[in-house]
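The next block holds one structure in the form of structure tokens; read it before the comments.
Computed from the coordinates by the stated procedures, all read-outs in this text should not be read as laboratory data. Predicted, not measured: the structure shown is a model, and the values here were computed from it. Note: ideal-geometry Cβ built from the backbone for every residue, glycine included; neighbour counts use all protein chains shown.
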Amino acid sequence: MSEEMKKTGEKPDLDLAWDNCQTWLETKEPITVKVDGVVKGGVVAYVEGIRGFIPASKLAAGYVENLEDYLGKEIEVQVITADKAEKRLVLSGRELAQKKRAEEKKALMDQFKVGAVVEGKVESIMPYGVFVSLGGGISGLVHISQMSDKRVKTPEDVVKVGDEVKAKIIGTDKGKISLSMKALLTKEDVPEKEPVFNYKEEGRASTSLGDLLKDIKL
């Protein structure tokens, strides 16, 4: 039962509510519900007066350790079972939460452009390279061949977990970010050549060799 119905004492039209639930089941339209209770294996939320069950595995995008954290919260769900005869209504917020997470990840990924220099923390080391956390759940891979301008036998020779590193983005293919630490290594500074000035003037020279020697007596 909705909070408004509880306040007014109004009884819900359950026949209409079941019809609506059947429609939402077919259309997969998102609906917002409030988690009213925690039971074995999941939580309870009411949809227009009908008691709905949300399995723990269907509550969020990932694993939920403590169901009590969701008590009293509003979440978006879809109807996945609407059996009026058995009075069984099952809801799921997992698909919507996963879709939202994917959209947020894409928005973050769009901010990382090839050629940009980023900073992050080494979160894991593999034989083929290291993964660097860039924030917001986004990680990039520095392949072992991109860790140094010298030959690297093992990534541990260059970095360890927890190190802060700077790298250049060299690829963003299929939602994966490729990084290069080697691209930021600079060669030794080469002394600049002496500037070459062009003294040649347009037209006749202002001072000729004869003019310079005319006052010299031999």
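Could you please tell me the mean projected area of the C-alpha convex hull for the range 3-99, averaged over all directions and given in square nanometres to one decimal? It would help to have the intermediate numbers written out before the result.
Numbers: hull surface 24.8 nm².
Mean projected area of the Cα convex hull: 6.2 nm².
In this rough spin-label picture, where each label sits 7 Å from Cα along the Cβ direction, the residue 27-residue 183 distance is 4.7 nm.
Tally Lys and Arg at +1 and Asp and Glu at -1 over the other residues with C-beta under 14 Å from the C-beta of residue 116: what net charge comes out? Don't skip to the answer; put the middle values down first.
Details: positive: 113, 166, 168; negative: 110, 119.
Net local charge, residue 116 excluded: +1.
Which of rounded, prolate or oblate describes the range 32-161 when judged by the alpha-carbon gyration tensor and an a/c cut-off of 1.5? Spell out each step's value before the answer.
Details: a/c = 3.90, a/b = 2.97, b/c = 1.31.
Here the range 32-161 falls in the prolate category.
One chain, two ends: residue 87 and residue 148. Fully extended at 0.36 nm per residue, the span grows by 15.5 nm beyond their Cα-Cα distance.
By the beta-carbon count within 10 Å of each Cβ, the least crowded to most crowded order of 48, 156, fewest first, is 156, 48. Which entries of 58/105; 34/84; 121/153; 153/182; 28/113; 28/106 show an alpha-carbon separation above 26 angstrom in the structure shown? Table pairs above 26 Å Cα-Cα are 28/113.
Under the convention that each Lys and Arg Cβ holds +1 and each Asp and Glu Cβ holds -1, the size of the dipole of the range 14-78 around its Cα centre is about 200 debye. Model label points for residue 19 and residue 172, set 7 angstrom from Cα along the Cα-to-Cβ axis, are 4.9 nm apart. The base-10 log of I(q)/I(0) for the range 112-184, evaluated at q = 0.16, 0.18, 0.19 Å⁻¹, reads -0.46, -0.59, -0.66 [Debye formula, identical scatterers on Cα atoms, solvent excluded]. Distance between the 7 Å Cα→Cβ label points at residue 133 and residue 39: 3.8 nm.
Proximity of backbone amide H atoms, modeled 1.01 Å from N, is registered between residue 124 and 131 at under 5 Å, excluding neighbours fewer than 5 places apart on the same chain.
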